[in-house]
There are 4 protein chains.
Amino acid sequence: MLENLKKLVCRLNLELPKNNLVTTTSGNVSARDPKTGYVVIKPSGVNYAELRPSLMSIVDMEGNIVEGKLKPSVDTKTHLYIYRHRQDVNGIVHTHSSYATSFAALGKPIPVYLIAIAYEFGGPIPVGEYIPIGDEEIGKEILRSIGKSCAILMKKHGVFTIGPTPESALRKAIVLEDVAKTVHLALLKGKPEEIPPEEVEKVARIYKEKYGQKNQGEMYETNNC
Amino acid sequence: MLENLKKLVCRLNLELPKNNLVTTTSGNVSARDPKTGYVVIKPSGVNYAELRPSLMSIVDMEGNIVEGKLKPSVDTKTHLYIYRHRQDVNGIVHTHSSYATSFAALGKPIPVYLIAIAYEFGGPIPVGEYIPIGDEEIGKEILRSIGKSCAILMKKHGVFTIGPTPESALRKAIVLEDVAKTVHLALLKGKPEEIPPEEVEKVARIYKEKYGQKNQGEMYETNNC
Amino acid sequence: MLENLKKLVCRLNLELPKNNLVTTTSGNVSARDPKTGYVVIKPSGVNYAELRPSLMSIVDMEGNIVEGKLKPSVDTKTHLYIYRHRQDVNGIVHTHSSYATSFAALGKPIPVYLIAIAYEFGGPIPVGEYIPIGDEEIGKEILRSIGKSCAILMKKHGVFTIGPTPESALRKAIVLEDVAKTVHLALLKGKPEEIPPEEVEKVARIYKEKYGQKNQGEMYETNNC
Amino acid sequence: MLENLKKLVCRLNLELPKNNLVTTTSGNVSARDPKTGYVVIKPSGVNYAELRPSLMSIVDMEGNIVEGKLKPSVDTKTHLYIYRHRQDVNGIVHTHSSYATSFAALGKPIPVYLIAIAYEFGGPIPVGEYIPIGDEEIGKEILRSIGKSCAILMKKHGVFTIGPTPESALRKAIVLEDVAKTVHLALLKGKPEEIPPEEVEKVARIYKEKYGQKNQGEMYETNNC
């Protein structure tokens, strides 16, 4: 069942190592099927080189396995908590990408030092409290701290991004690492100034209106957060 | 129409991710056809993996779409402003490449600390003022600040490079990121000294005379700025 | 003989350059065959592009060549010393991967600043004393300093990881470089706080129980340390 | 003529971008044919993607073109000066690789902070004076400052490595960038201590005796400096 979504989720998981966001088996992408409410997610501890659509796990909102002979990601309960409490979210990505996670290690948010942060994230990237153990607890803290953002740094842990589609969440995970790198490099050489919030909002609004191919079919749609 | 130029612009856009200058859909390359005055540019928000020559946008000097079913890059007006005011420019590249943009984030120019900067750019890489919103305004600020350079860092934003051909502008975008990285690394370990302007000029002149294959056909021509 | 193990060791050696852990001919992976007690290891100074299963060296516990026309790695005696004294170890990886080795250059351990360090390593990455020359001496110092860890930084030298299987040792070498990078980046921007030891232990225990595919056949087994 | 050497030099030049030592058209590898005394070198300003053995330039010791329709590298006179004055050198590599060049930008040598530097280079990597213009002058300064090393950082410029074969010079260029990166990373986190010269010498001697496949045919020979 959900063959197309399994293919998509498999392909998006493979984008994680291609974009240097993960090593070995770390990181995962999931997607919710809006019709059934089922969630497709990467199986736990499987190397990216071995991922196949047929290996994807399908779980229901309570975490019961609906299909898949492999155990789903250990982060499944975190994903499910978010899906249950955010009907607008149909895709979630989790990584430990280096530059973004170096901010998470310090519990430091990423301020809006770049126009790309303004229009991709609409504000600073927030940081969630340190949650050592517990799956739903991580989901709870993500939602408590993420606000209107589509990305969050979890202290001493890594990155979660969310979106209306899994492609959108993936895009944000890639862009987050990119801007985190640029901001990191800038911080080593000086003190960048923040773009003021009212300007951030204006930039984000204009970008949302103008960017991408709104009426050209799914393939060319830009996935905004 | 302009089939060869669309192929070229498509191929040069694909060089952006290959050279790690962009992620997702960011960045763009355009070229002006000297005969018709039309400009070929990347469509907005399309993933690099999906770019095809047939998807390129062709616009006239006022931004009217001449060919292409997709919306052209949101940066099109910036490109057109430059083309209208600089007849010597037939290629423009825009990126947010990490090292160069980390200087842009701080509004810091890149001084001539390396011979490669002297002969590739003929002087320091200048910085343009921060322009939050506005397409022509960005083009205007680029031309106000770029001087005789072929590359500029736009504050809190990213990189623009220009050239007599799009290949030349691309080359400069690649080299800029490369020297920005080297200068960044040097700045973390000490205080490099600038090469004096008169020496920079001499190096640039000699390089222009000696480098590359001047009379061996287009394929081996070096694209200088 | 040991055709499958030679194939495996060859393949795992090739993972070193793929994961950017080595350049030229540096680094090596070995594995012990639990039945014969023989060790399969990379030949000395052979480029990764030229490695073939048939070129692998097989040595006995005393270092006598059992099969293979090429000289085994210069680090063979170090590997053998570890195998002789740690019956639980059947795989060893050695690299000079940049971020991890930058801690080794300073003789600095990597503290548990990230949950990933807690669950992958169960504690800080220790540092062994500087041993300029001597093969068995390096093995001796590794075992003296590695404690319960599966990874060690050898001062002014590089990284050794060990595991119940060579896949496990490789995984740890990859993850070590990844977390070393993140910790390095964090240290340049602030002072991360350590996760307290009792919490590290709890995280490591839970992860060991929950992560991966315990009863799904070898292919999907997670290699823990 | 020299078909095999042209193939080899072409292939080794292509290793430069593969190992991330160059961008666009920068960098070059040359080799001297010990029989004829002719030198095969990369043509000037040709993109790596377009390099073919048939495009290589062959020049004599005075720089006269013996074969090749393209102009040889602008660095040819520098290479020839070295070949004329060092009969033991049959291969030369020039790059602007980022980490090594960041030391060159500051005129800082790379001390022996790592065992790999001891056994690959036998001492610190020296720095040559800044030579803004002049081809033979650069060769002269390289030989004045390189001492017994096989690698030198030219101030504000880049890297030159030499060797008894072009493979050896290439290996040193790759390893130099690797150790320069590790040393750079270490310097940002602390003060590494140098390995004392007498120990460096001992390590280098032992390594020379033991490393690689001395009598196994050319393919598996290690190229030492």
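Below is a table of values for the structure above.
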| read-out | value |
| --- | --- |
| Selection count where residues are at the interface with another protein chain (Cβ under 9 Å from one of its Cβ atoms), within 25 Å of D:Y113 (Cβ to Cβ) and either under 13 Å from the mean Cα position of the chain (by Cα) or in contact (Cβ under 8 Å) with a residue 12 or more places away in the chain (or both), scope region C:104-116 | 5 |
| Residue in region D:23-33 that is part of a strand (DSSP E or B), at pLDDT 95 or above and among the small types (G, A, S) present | yes |
| Of all residues in region B:28-50 being surrounded by 20 or more Cβ atoms within 10 Å (Cβ to Cβ) and touching a Pro at 6+ places or on another chain (Cβ under 8 Å), the one that is farthest from A:Y119 (Cα to Cα) | B:A31 |
| Residue satisfying condition, being touching a strand residue (DSSP E or B) at 6+ places or on another chain (Cβ under 6 Å), under 26 Å from C:T95 (Cβ atoms) and free of Cβ contacts under 8 Å to residues at least 60 places away in the same chain, within set D:T76, D:T101 | D:T101 |
| Any hit, region A:135-151, residues being within 12 Å of another protein chain (Cβ to nearest Cβ) and either assigned to a strand (DSSP E or B) or hydroxyl-bearing (S, T, Y) (or both) | no |
| Region A:57-92: number of residues that are away from every other protein chain (no Cβ under 13 Å) and either basic (K, R) or closer than 14 Å to A:C10 by Cβ (or both) | 5 |
| Test: residue in region C:188-203 that is under 19 Å from C:F103 (Cα atoms), in a helix (DSSP H, G or I) and either facing chain A (nearest Cβ under 9 Å) or touching a Pro at 6+ places or on another chain (Cβ under 8 Å) (or both) | yes |
| Selection count, region C:113-134, where residues are in a loop (DSSP other than H, G, I, E, B) and of a type in the set (G, A, S) | 3 |
| Set A:V159, A:V175: member being surrounded by 20 or more Cβ atoms within 10 Å (Cβ to Cβ), closer than 30 Å to C:E194 by Cβ, at pLDDT 95 or above and not aromatic (F, W, Y) | A:V159 |
| Any chance D:I142 is at pLDDT 95 or above and either of a type in the set (A, V, I, L, M, F, W, C) or surrounded by fewer than 19 Cβ atoms within 10 Å (Cβ to Cβ) (or both) | yes |
| Count of residues meeting criterion [touching an Asp or Glu at 6+ places or on another chain (Cβ under 8 Å) and part of a strand (DSSP E or B)] in region C:48-90 | 3 |
| Those residues of region A:1-27 which are away from chain C (no Cβ under 14 Å) and out of contact with any Pro (no Cβ under 6 Å at 6 or more places or on another chain), in sequence order | A:M1, A:L2, A:E3, A:N4, A:L5, A:L8, A:V9, A:R11, A:N13, A:L14, A:E15, A:N19 |
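The values are calculated or read from the model by the stated rules, or taken from the named source; none is laboratory data. The model shown is predicted, which means the values in this text are computed figures rather than measured ones. Cβ: placed from backbone, ideal geometry, glycine included. Neighbour counts: every protein chain shown.
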